[in-house]
C-alpha cells in the first residue's frame with residue numbers, strides 16, 4: 001500500500017524528502033481546490049493507496065469521502081496545527097489503535 005500526500009508546496013516537499021510514495025502540491029485557489037478534490041477522489045478509488053495525508057487547511061475546503069480505506073488523516077502545514085497536539089494525538093490513536101497517553 002502506498003502513502004499519498006496532498007498539501008501546499010512546502011508541506012509536499014517535506015513529505016517527498018521523507019519518502020512518501022506520491023506527493024501532490026496545490027495552491028490555495030478555487031481552481032486548485034477543485035484539482036485537489038478530484039485527486040482525492042482518484043486516490044480513494046484506485047485501491048493501491050493505504051494512507052492519504054492532507055493538510056488541515058485544505059481538508060476544510062474539500063468534501064472528504066466516508067471510507068474505511070484508505071485512511072485519510074489531516075496533518076498540520078507550515079503554519080502549524082489549528083487543532084493542537086492533543087487533537088492530532090487522538091486522530092493518530094483512533095487510526096492505529098494505540099494508546100498515546102503515556
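Every number in this text was worked out from the coordinates using simple rules, so none of it is lab data. Bear in mind the structure is a predicted one, so any value in this text is a computation, not a measurement. Cβ atoms come from the backbone with ideal geometry, glycine included; neighbour counts cover every protein chain shown.
Out of all the residues in region 4-27, which are in contact with a helix residue (DSSP H, G or I) (Cβ under 8 Å, 6 or more places away or on another chain) and over 17 Å from residue 64 (Cβ atoms)?
Taking region 4-27 and keeping what is in contact with a helix residue (DSSP H, G or I) (Cβ under 8 Å, 6 or more places away or on another chain), we get 4-8, 22-27.
Those that are in contact with a helix residue (DSSP H, G or I) (Cβ under 8 Å, 6 or more places away or on another chain) and over 17 Å from residue 64 (Cβ atoms): 8, 22, 23, 25, 27.
Are any of the residues in region 27-43 closer than 15 Å to residue 78 by Cα, buried (at least 17 other Cβ atoms within 10 Å of the Cβ) and under 14 Å from the mean Cα position of the chain (by Cα)? The answer is no, given that none of the residues of region 27-43 is closer than 15 Å to residue 78 by Cα, buried (at least 17 other Cβ atoms within 10 Å of the Cβ) and under 14 Å from the mean Cα position of the chain (by Cα).
For every residue, the table says whether it meets (1) farther than 20 Å from residue 93 by Cα; (2) without any contact (Cβ under 8 Å) to a residue 24 or more places away in the chain.
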site: 3; (1), (2): no, no
site: 12; (1), (2): yes, yes
site: 32; (1), (2): yes, yes
site: 40; (1), (2): yes, no
site: 45; (1), (2): yes, yes
site: 57; (1), (2): yes, no
site: 63; (1), (2): yes, no
site: 79; (1), (2): yes, yes
